[in-house]
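A.B. asks: Here you go, one structure.
The values are calculated or read from the model by the stated rules, or taken from the named source; none is laboratory data. Predicted model only: the values in this text are computed from it and were never measured. Here the Cβ positions follow ideal geometry from the backbone for every residue, glycine too, while neighbour counts run over all protein chains shown. Protein only, heavy atoms only, side chains kept; ligands, DNA and RNA dropped before computing areas. Shrake-Rupley method; radii C 1.70, N 1.55, O 1.52, S 1.80 Å.
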Amino acid sequence: MGEEVKLFRSWSSPFALRIVWALEIKGIEYEAVFEDLSNKSPLLLQYNPVHKKVPILVHNGRPIAESFVILEYIDETWKQVPLLPEDPYERAMARFWAKFCDDKVLTSIWSAFIKQGKEQEEALVAAAENLKFLEKEMKGKKFFGGERIGYVDIVLGWLANLVSIFEEIVGLKIVDERKFPLLYSWMQDFAEAPIIRDNCPPRDKMIVKFKALLDAAIASSSSSSK
Amino acid sequence: MADEIILLDFLPSIFGMRVRVALAEKGLMYEYREQDLWNKSPLLLEMNPVHKKIPVLIHNGKPICESTIIVQYIDEVWKDKSPLLPADPYERAQARFWADYIDKKLYDLGKKITLTKGEEQDTRKREFLDFLKLLEGELGDKPFFGGENFGFVDVSLVAFSSRFYAYESFGNFSIEAECPKLIAWTKRCMERESVSSSLLDPQKVHDFVAGMRRRYGVE
């Protein structure tokens, strides 16, 4: 039985990276299709007509979009190295924290990076509030998944490599080791895990990309009248 | 061993209605506790310290938050009756995709209709109707989004129908005129006891939204 697994991704999308990590952790063979998001392929638009985004997993010709949806699909289809816990309550908690990561942590940290002045200050305060909840949730575990990397770790994984890039570009501390010791140590452990370390976009390229995004954001906010 | 199920909720809440529908589909007995969202109870703050929002399901003392997550939890724990998600992983992924899209868009689209006027409101109405048309396309000729059976996407969407009268009234437009298939679907859903007993009467929802408009100074 031939399994055909394709992942439509870009070189830097943190959402697509989640799927790379999941596939690698489970040892699933796949073909990566790199998209230039400024010039989307007809195939991408055909497979994800609703959002027109990456990642898209195409399994035996059938597309699945949205990283959380793809992760659960992968976990249900390839049962080795489970990402989500078995117990329904623990699963609900994992889904809760994953949603919190994207809805609150990611948005506040992104704002702390991309905004200036008062908006940035407020974003930093919001980010710290959100990180406090994550710090508490770590509860002395090595990973959010326990002894090994799980669903929440994969969803939050961008924190482990993107935050230091943001901090370097704007010269601000977003995840202070003294305030968030457990989270900080999780970031090191996660980034150093072999599968993660071997599947991260090059740091220098990321710095160039995000610096350009920040410059564009600053230019457009100073040219618009308030 | 009897299960203790408590639902912290707010009658006009679309998100709360989803959980009520899911509990009813599974034939579960539970204690409903209406919350005052402008004066939040210690229990709500204790059970949902992160978001401080309803709905919260408390099952044998343990809280679960976020309506879509609660519905999946209910479906997984009481899996032998009226399954809401299909068995096949690909079908499940499609159901989760559409439920996620409805979650991301529809509440804000509808809310904006009720809180705007004039040209801005016209734009909001257009966006709202376009979204409903997209959902109609997804429904196709099936009786429910879940196919022959009432399912996860149906649960995610049906509660919004309790707000349609409010949207139409404050937006001065007819949803049925542009989306007849979707309205037919809402009527089909309302024939189910789980839905008709869980959704708040549209007039009461309308009056609640009217109150919110006054609160936000739209009137």
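A.B. asks: Using heavy-atom solvent-accessible surface (probe 1.4 Å) with all chains present, what is the largest-first order of B:208, A:15?
C.D. replies: Largest accessible area first, the list is A:15, B:208.
A.B. asks: Quote the charge dipole size of the range B:13-116 about the Cα centre in Debye, to the nearest 20; the model charges only the Cβ of Lys and Arg (+1) and of Asp and Glu (-1). Don't jump to the answer; show the numbers that get you there.
C.D. replies: Numbers: 16 positive and 14 negative charges, 57 e Å.
Dipole size: approximately 280 debye.
A.B. asks: Quickly work out the residue B:216-to-residue A:204 label distance, labels modelled 7 Å from Cα along the C-beta direction, and quote it in nm with one decimal.
C.D. replies: For the pair residue A:204/residue B:216, the computed spacing is 5.0 nm.
A.B. asks: Might you tell me the accessible area per residue for chain A, computed with a 1.4 Å probe and given in Å²?
C.D. replies: Ligands and nucleic acids excluded, the result is 48 Å² per residue.
A.B. asks: Continuing with this model, one more query. Between the range B:106-151 and the range B:1-74, what is the C-alpha centre distance in whole Å?
C.D. replies: Centre-to-centre (Cα) distance: 25 Å.
A.B. asks: Once you average over the residues of A:86-94, how many Cβ atoms of partner chains fall within 10 Å of each Cβ? Mind dumping the intermediate values first?
C.D. replies: Numbers: counts 0, 2, 10, 8, 0, 4, 14, 6, 1.
Average per residue, whole number: 5.
A.B. asks: What shape does chain A take by its C-alpha gyration tensor, where a ≥ b ≥ c are the square roots of the eigenvalues and a/c under 1.5 counts as rounded, a/b above b/c as prolate, and the rest as oblate?
C.D. replies: Verdict is oblate for chain A.
A.B. asks: Hey, another quick one. Which percent of the accessible area of the protein assembly as shown is formed by carbon and sulfur heavy atoms (probe 1.4 angstrom)?
C.D. replies: 53
A.B. asks: Is the shape of the protein assembly as shown best called rounded, prolate or oblate, per the rule: a/c under 1.5 gives rounded, else a/b larger than b/c gives prolate, else oblate, with a ≥ b ≥ c the square roots of the Cα gyration tensor eigenvalues?
C.D. replies: Judged from the Cα gyration tensor, the protein assembly as shown comes out rounded (a/c under 1.5).
A.B. asks: A further question follows. In chain A, if the dipole is taken from +1 on Lys/Arg beta carbons and -1 on Asp/Glu beta carbons about the Cα centre, which of A:183, A:213, A:157 is farthest to the positive end?
C.D. replies: Most positive-ward Cα: A:213.
A.B. asks: Read phi for every residue in the range A:204-209 and hand back ³J(HN,Hα) as whole Hz from Karplus 6.51 cos²θ - 1.76 cosθ + 1.60, θ = phi - 60°, with x for Gly and Pro.
C.D. replies: 3J(HN,Hα) across the range A:204-209, in whole Hz: 5, 5, 5, 4, 4, 4.
A.B. asks: Check cross-link reach from residue B:187 to the lysines: straight Cα distance under 21 Å, and skip same-chain residues fewer than eight apart.
C.D. replies: Filter leaves B:26, B:133, B:142, B:204.
A.B. asks: So if we plug the beta-carbon distance of residue A:179 and residue B:29 into 1/(1 + (r/R0)^6) with R0 = 35 Å, what FRET efficiency do we get, rounded to 0.05? Please report the intermediate quantities before stating the final value.
C.D. replies: Working: r = 45 Å, r/R0 = 1.29.
With a Förster radius of 35 Å, E is 0.20.
A.B. asks: Something else: Using the Karplus equation 6.51 cos²θ - 1.76 cosθ + 1.60 (θ = phi - 60°), what ³J(HN,Hα) coupling, rounded to whole Hz, does each residue of the range A:93-99 give in order, writing x for Gly and Pro?
C.D. replies: Computed from phi, the couplings for the range A:93-99 are 5, 4, 5, 4, 5, 4, 4 Hz.
A.B. asks: I need the fraction of alpha carbon pairs in chain B separated by more than 28 Å, rounded to a whole percent.
C.D. replies: 29
A.B. asks: Rounded to the nearest 500 deg cm²/dmol, what is the calculated helix-only ellipticity per residue at 222 nm for chain B, with -39500 (n - 2.57) per DSSP H run of length n ≥ 4?
C.D. replies: Using -39500 (n - 2.57) per qualifying helix, the result is -17500 deg cm²/dmol.
A.B. asks: Continuing with this model, one more query. How large is ³J(HN,Hα), in whole Hz, for each residue of the range B:54-67 in order, when computed from phi with the Karplus curve 6.51 cos²θ - 1.76 cosθ + 1.60 and θ = phi - 60°, using x for Gly and Pro?
C.D. replies: With coefficients 6.51, -1.76 and 1.60, one gets 9, x, 10, 9, 10, 10, 6, x, 9, x, 10, 10, 6, 4 Hz.
A.B. asks: Lysines within cross-link reach of residue A:142: Cα-Cα under 21 Å, excluding same-chain residues under 8 positions apart?
C.D. replies: Counting by Cα, and skipping residues close in sequence, residue A:142 has these lysines nearby: A:26, A:99, A:132, A:179.
A.B. asks: Hey, another quick one. Pop the C-beta distance of residue A:37 and residue B:90 into the FRET formula with R0 = 25 Å and round what comes out to the nearest 0.05. List each step's numbers first, then the result.
C.D. replies: Working: r = 26 Å, r/R0 = 1.03.
That pair, residue A:37 with residue B:90, gives E of 0.45.
A.B. asks: In a Gaussian network model over chain B where Cα atoms closer than 10 Å are linked, find which of B:118, B:27, B:110 has the largest mean-square fluctuation.
C.D. replies: Fluctuation is largest for B:118.
A.B. asks: Continuing with the same structure: How many nm is it between the label spots at residue B:127 and residue A:129, if each spot is 7 Å from the Cα in line with the beta carbon?
C.D. replies: Each label point lies 7 Å from its Cα, and together they span 2.4 nm.
A.B. asks: Hey, can you grab everything whose amide H is under 5 Å from the amide H of residue B:11? Only 5+ residues off in sequence or another chain; H modelled, so Pro and N-termini drop out.
C.D. replies: For residue B:11, the qualifying residues are B:35.
A.B. asks: On a full-extension model of 0.36 nm per residue, what is the gain between residue A:86 and residue A:211, subtracting their alpha-carbon distance, rounded to one decimal in nm? Mind showing how you got there, number by number?
C.D. replies: Working: separation 125, 0.36 × 125 = 45.00 nm, distance 4.14 nm.
Computed gain between residue A:86 and residue A:211 is 40.9 nm.
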